[in-house]
Amino acid sequence: MHLNNYKNRLYGRTKGRSNKKIDIENYSELIQKFSVSKLDNNKSYILDIGSGYGETSVFFASLYKKDTIIACDKYINGNFNLVNQIQKKNITNIRLHSGNVIDILENNKKKKFFSLVSIFFPDPWPKKKHYKRRLISKSFLEILHPFIKNKGRICIVTDSISYSRSIINCIYSTKLYYWSNQKTQYIDVKNYYNVETKYYKKAIISGRKPILFILTKI
């Protein structure tokens, strides 16, 4: 599938349900300070798709200090929280894109920029009629492939059984990645990445077991 076919495929909320008003003008100005569009061929990047409240971006920024983390999410409340963390902790290797990840890919030639692509708890869209809204598909994995460094990884975490089945089908149908942790997919995600996101905690409280997929580019 061509990038343009994903261009307008953004679903879900942009703002939280809180009655607290968001100053959009101030938000745009704040995000602009940390925004990214064009990537540097001489740098290594980690792409955090659906960064939510920014927990994974902050974690990866500390773990991979030589890489630049690109936090990509349209969720305004989460981006506000991430910017606050960046400023509070004086983090220098995080950049934001408040929108569709396809924008980042489309604005850059198909070069091997990413050593890691992180997709923690993508929206499962549990109703069958909404399955087509799910981010991860055979086509999406194919689109990402040329942007990932040799032996680079995609890490996906979901607590949805139906989504995990769909992801497994995508892995086998693309044949572009090696499923590195196939035998240990049910081991606690924190054994690999010791970070607790809002959605990780929500899954544990609800008795759901998050499943980790580590795909290595072939």
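Every read-out reported here was derived from the displayed coordinates using simple, explicitly stated rules and does not represent laboratory data. Keep in mind that this is a model prediction, so the values were computed, not measured.
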Under the 0.36 nm per residue contour assumption, what length would be gained going from the current alpha-carbon distance of Ser35 and Ser139 to full extension? 34.8 nm
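Translational D (Stokes-Einstein, µm²/s) of the chain at 25 °C and 0.890 mPa s when Rh comes from the Kirkwood sum over C-alpha pairs?
138
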Using the Cα gyration tensor of region 83-152, with a ≥ b ≥ c the square roots of its eigenvalues, what is the shape: rounded (a/c below 1.5), prolate (a/b larger than b/c) or oblate (neither)? oblate
For the chain, what is the mean residue ellipticity at 222 nm derived from helices alone (per DSSP H run of n ≥ 4: -39500 (n - 2.57); sum divided by total residues; nearest 500 deg cm²/dmol)? -9000 deg cm²/dmol
Within the set Arg153, Arg133, Arg95, GNM on the chain using Cα springs under 10 Å gives the largest fluctuation to Arg133
